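K.L.:
Let me give you the structure first, and then I'll get to my questions.
The values are calculated or read from the model by the stated rules, or taken from the named source; none is laboratory data. Please read these numbers as outputs of a predicted model, since none were measured by experiment. Glycine gets a Cβ as well: all are built from the backbone with ideal geometry, and neighbour counts include every protein chain shown. Accessible surface is based on the protein model in full, side chains and every heavy atom, while ligands, DNA and RNA are left aside. Shrake-Rupley method; radii C 1.70, N 1.55, O 1.52, S 1.80 Å.
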Amino acid sequence: MPNKAEYREINKQLHADIDYKLLGRHLREIRKQNGMTQAEIAEKMKMGVKYYASIEEGKTKINLIRLIQFICITQTSADYILAGTHKRYPSQFQCPENASRSRKQLSQLLDQCSEQIIETIYVIAEGLRNRE
């Protein structure tokens, strides 16, 4: 069992490994999918628009309470928002255990892409599949 100092160091390292820019991109994409502006979601979350914008940009770390608010407002699952945002905990859970190494790597890579890039990759993959 770690002592308090060791616990603080572990906690600090876990937070340091979070990709807040990627998390912010996920929040932006979900907000847009819900047809909301930054001003609308900031108002619902009872925060300033600049503050919310800085969360989407990854400049400000979102705390747990704010993340829960966002989840409730947008009716989005936490695993969708958090997928791929932590280096130590990649989203391998999305692939079946017996999936190939390449499929698992592709899943992890997609977690780090914007929705627009994912849509482009999907169109390309669908075209390639139809050529088989």
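K.L.:
Report whether or not Ser91 is modelled with pLDDT of 75 or more and either surrounded by 16 or more Cβ atoms within 10 Å (Cβ to Cβ) or within 16 Å of the chain's Cα centre (by Cα) (or both).
P.N.:
no
K.L.:
So Val123 ticks every box in (1) in contact with a helix residue (DSSP H, G or I) (Cβ under 8 Å, 6 or more places away or on another chain); (2) at pLDDT 75 or above but one. Which box is left unticked?
P.N.:
(1)
K.L.:
Can you tell me which residue in the stretch 97-132 is surrounded by the fewest Cβ atoms within 10 Å (Cβ to Cβ), limited to those that are without any contact (Cβ under 8 Å) to a residue 12 or more places away in the chain and not in a helix (DSSP H, G or I)?
P.N.:
Going through the qualifying residues, I end up with Glu132.
K.L.:
Here is a further query. Can you tell me which of (1) at pLDDT 95 or above; (2) open to solvent by 40 Å² or more (accessible area, probe 1.4 Å) is the one Tyr52 doesn't meet?
P.N.:
Unmet condition: (2).
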